[in-house]
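A short worksheet on the structure shown next.
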Amino acid sequence: MSWAADLIRLATLEDANTRIVLLGCGILGAAAGSVGSLAVLRGRALVGDAVAHAALPGVCLAWLVLGDRSLPVLLLGALGSGLLGVATIAAIRAQPRIREDAAIALVLSTFFGAGIVLSRMVQNVPGGHRAGLDGLILGSAASLVRQDVFAIGVVAAAALGAVLLFFKELRLLCFDRSFAASLGRPVGAFDLALLAAVCLIAIAGLPAVGVVLVVALLVIPGAAARFWSDRLAAVVILAGLFGAAAALAGTALSAVLPAPAGARVRGWPTGPLIALAAAGLFAGSLVAAPRRGLIARLLGARRLAAPQQGAPDALPEERSR
Amino acid sequence: MIHLDADDLWVMATAACCAMACGLLGCFLVLQRLSLLGDAISHAILPGIAAAFIVTGSRASGGMLVGAAVAGLVTAFLAAAIRRIGRVPEDAALGVVFTSLFALGVVMITWVAGSIDLDPGCVLYGLIEFVPDDRVELPWPLAGVAVPRAFAWLAGALVVAVVFVSLLLKELRLVAFDASLATAMGFSAAALHSVFLGVTTATIVLSFEAVGSILVVAMLVAPGATARLLVDRLGAMLLVAALAGLASAVGGYLLALCMDTSVAGAMSVVAGGLFAAALLLSPRHGAVARLLQRWALTLRIRGEDILGELHRAGEPRPSPPSAIAEPPPEMPRWERSLATRLLLLRGLATRSAAGLALTPRGAERAEELVRHHRRWERYLLRETELPLDHLHEPAHRVEHFIAGDLARRLEAEVPDASDPHRPGATERNPD
């Protein structure tokens with residue numbers, strides 16, 4: 001019963017490393033969920049996808065040019081090229097013939113391609129190896145150390161703080177951009193601030209969950225929380241809770257589950273389990289949420305379709321249905 | 001000079017088939033704002049590949065292709081269902097589906113990782129460099145000829161894409177530009193969309209093994225977007241997209257050889273570079289062309305303003321200055337000097353010791369402009385409630401665009417082209 005022992009160890013937070021990983025992923029999940037929910041409402045759900053992919057060339061360049069492999073340096077490089085990617089999307093959008101979806105896909109694939117080119121060059125440098133890079137692409141939460149958690153915490157807190165500070169403005173932006181503009185608010189600046197927050201979170205999430213799955217943390221909790229409330233504050237808070245819950249559940253699962261038989265890896269990868277936990281929350285919300293959920297809407301539809309006793313204007317064939 | 005051997009040519013040919021097939025289909029993704037669907041499908045086929053391996057127990061391509069194709073279609077339909085059922089925005093629905101499926105795929109691969117050599121990294125980067133190592137014999141008419149397996153598959157994908165697009169061009173065009181019209185004409189847009197998704201998914205799956213998931217996105221979107229900036233007609237767009245795909249494949253391979261780096265990465269960089277070049281330099285829609293058009297328009301308007309000023313200066317002083325409310329708006333110095341130089345070049349004005357003067361042709365053009373200006377003022381005065389001192393500004397803006405038919409109609413409406421600001425020139429209607 002080694003998994004039971006694992007469970008007890010986890011529940012009592014005995015293991016210092018587990019504590020750190022749980023803390024880091026939890027903070028990341030909460031921040032990504034709440035900032036991501038705003039991005040989802042603003043119709044920018046997949047900008048985080050582009051940013052996370054666009055980070056790769058910056059990471060490689062930081063590695064090649066600065067020769068420093070410490071995480072903060074690599075993440076600074078990632079932030080630089082991620083922001084460049086966001087700026088490129090904005091520049092492409094200025095051309096009316098190319099829509100935002102194509103702009104995102106272009107930036108994502110081209111920047112990532114450049115990153116692959118550079119990472120191969122890292123490999124060709126004597127003494128260069130890509131272990132660190134692959135860690136950033138697929139994420140390796142289990143290898144988070146105290147400094148990484150500290151960095152993630154600072155970045156996440158900064159992004160969350162920005163969101164709280166500008167909550168009123170962001171609410172206006174999310175629901176009625178043109179009204180906000182007509183009030184003379186600098187909507188362009190708010191848009192940029194939101195994108196910058198998404199960018200920060202996406203980069204901070206790279207070491208833990210990797211390029212693809214950081215998108216899961218940004219998008220899924222927000223989309224799930226939207227089912228439960230129509231009030232923005234509630235959606236943002238709930239998305240933060242969902243994000244934290246998914247992150248904690250995924251991390252705990254990867255610590256507890258027995259490693260697959262004959263695997264070359266130490267255990268289950270944390271990032272995918274976090275994403276699957278979030279997907280479970282989303283599926284639950286889709287089905288069970290009051291009013292907007294599937295069950296509630298089916299029941300509502302039945303109530304509407306049910307024949308009313310003696311309804312004078314109901315046509316015969318409708319009654320028989 | 002780079003020396004290319006047969007293997008290099010095979011890799012290039014494989015990449016070219018992939019890029020052209022993706023480029024053709026990608027045009028419709030770009031036009032229908034479905035670019036991110038390509039991204040989503042190319043990530044989400046991972047669990048299909050893993051499931052096929054778990055079921056068949058082998059890495060044979062057939063099973064994996066089927067598994068991947070199923071997963072790709074599941075992605076498209078699941079995202080559509082979530083969007084409809086949950087009223088989730090389209091991009092968020094895609095984000096939810098493809099990240100979840102990708103995560104599922106990684107978990108499944110981890111599950112069987114002990115017995116399979118399927119590295120998630122190679123899913124991202126592809127293995128096009130190793131294409132020539134895995135050969136198949138062609139069937140009957142070319143029996144005995146061995147070609148790389150990936151080349152055979154991707155050449156097939158290209159043929160399918162070409163046939164599909166050329167057979168259904170009319171229908172695809174209708175659905176891409178006006179799906180509701182297609183439905184109204186009794187033509188099932190949804191059915192065609194499903195077929196299109198099937199062909200696209202199959203192409204993505206076939207390309208995926210060769211070039212990796214991210215490059216598939218580049219090949220799907222970049223050539224189509226490049227073509228969209230260069231040409232307007234759909235047929236031309238398809239042709240340009242195929243050429244852009246071909247150029248990215250060949251250019252990317254050569255770049256990778258020169259820099260000794262990843263072929264897939266270099267191909268997507270070249271494809272992105274082609275798009276960036278089109279974004280800047282396209283003759284009609286490029287940033288440079290649009291900037292030049294704007295400058296040309298500015299200079300034309302400034303030149304016409306100068307002509308008008310000269311004309312008015314030559315008229316007998318019509319009225320006390322207060323009748324014209326605003327002074328003419330300031331013109332930046334360099335714009336004035338450039339516009340003046342253009343007038344001199346075109347023979348509309350001459351410069352003498354006394355200053356700038358109109359030539360006979362210039363005077364004719366200036367008179368025409370001022371006539372249009374005053375007719376517009378009179379028209380506004382008659383048709384709107386604008387007070388006298390608000391007439392000049394709109395007329396000053398509109399006078400540059402009155403020509404041809406509009407000028408004839410204006411003349412028919414307002415025969416009197418004298419200045420409405422002169423005292424006693426007009427009587428306002430009391431109501």
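The values are calculated or read from the model by the stated rules, or taken from the named source; none is laboratory data. Everything quoted here is computed from the prediction, not taken from an experiment. For neighbour counting, all protein chains shown are included, and Cβ atoms are generated from backbone atoms with ideal geometry for every residue, glycine included. Ligands, DNA and RNA are excluded from the accessible area calculation, which covers all protein heavy atoms including side chains. Shrake-Rupley method; radii C 1.70, N 1.55, O 1.52, S 1.80 Å.
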Suppose a student asked you for the relative contact order of chain B, using Cα pairs under 8 Å spaced at least 6 residues apart; what percent would you report? 17 percent
Looking at the calculated P(r) for the range A:120-240, what percent of the C-alpha pair distances fall above 18 Å? 63 percent
Separation of alpha-carbon centers, the range B:63-86 and the range B:18-62, rounded to whole Å: 10 Å
Given a 10 angstrom Cα cut-off, can you work out which residue in B:Ala44, B:Ala52, B:Ala92 is the most mobile in a GNM of chain B? B:Ala92
If you take the accessible area of A alone, add that of B alone, and subtract the area of the pair, what total do you get in Å², probe 1.4 Å, to the nearest 100? 5000 Å²
Shape verdict for the range A:20-73, please, from the Cα gyration tensor: rounded (a/c under 1.5), prolate (a/b greater than b/c) or oblate. oblate
Please find the FRET efficiency linking B:Ala81 to B:Asp389, where r is the Cβ-Cβ separation and R0 is fixed at 51 Å, and quote it to the nearest 0.05. 0.25
Per residue, the convex hull enclosing the Cα atoms of the protein assembly as shown spans a volume in Å³ of 277 Å³
If I compute solvent accessible area with a 1.4 Å probe over the protein chains, what percent of it on the protein assembly as shown is carbon and sulfur? 65 percent
How many times 2.2 N^0.38 Å is the alpha carbon radius of gyration of the range B:188-272? 1.20
Accessible surface, 1.4 Å probe, highest first, among residues B:Ser268, B:Ser166: B:Ser166, B:Ser268
Stokes-Einstein diffusion coefficient for the range B:242-391 at 4 °C in a medium of 1.567 mPa s, Rh from the Kirkwood formula over Cα pairs: what value in µm²/s? 65 µm²/s
In whole percent, the Cα-Cα distances of the range A:162-301 spread across 10 Å bins from 0 upward as 11, 31, 31, 19, 6, 1, 0
Peptide A:91-101: average number of partner chain Cβ atoms within 10 Å per residue? 6
B:Arg336 accessible area, nearest 10 Å², 1.4 Å probe? 90 Å²
What is the dipole size for the range B:251-387, taken about its Cα centre, with +1 at each Lys and Arg Cβ and -1 at each Asp and Glu Cβ, in debye to the nearest 20? 380 debye
Residues of the range A:97-121 with amide N under 12 Å of a point placed 7 Å along Cα→Cβ from A:Leu64: A:114-121
In debye, nearest 20: dipole of the range A:31-171 around its Cα centre with unit charges on the Cβ of K, R (+) and D, E (-)? 260 debye
Would you be so kind as to identify which of B:Val163, B:Ala179, A:Ser81 lies farthest towards the positive end of the dipole of the protein assembly as shown, taking Lys and Arg as +1 and Asp and Glu as -1 on Cβ and the Cα centre as origin? B:Ala179
Mean projected area in nm² (Cα convex hull; one quarter of hull surface) for chain B: 34.0 nm²
Given Cα positions, please report Rg to Rh for the range B:152-237, the hydrodynamic radius being the Kirkwood one. 1.00
Taking the dipole about the Cα centre of chain B, with the C-beta of Lys and Arg at +1 and of Asp and Glu at -1, give me whichever of B:Gly105, B:Ser248, B:Leu230 is farthest to the positive side. B:Leu230
On average, how many beta carbons from a partner chain sit within 10 Å of the beta carbon of a residue in B:213-220? 5
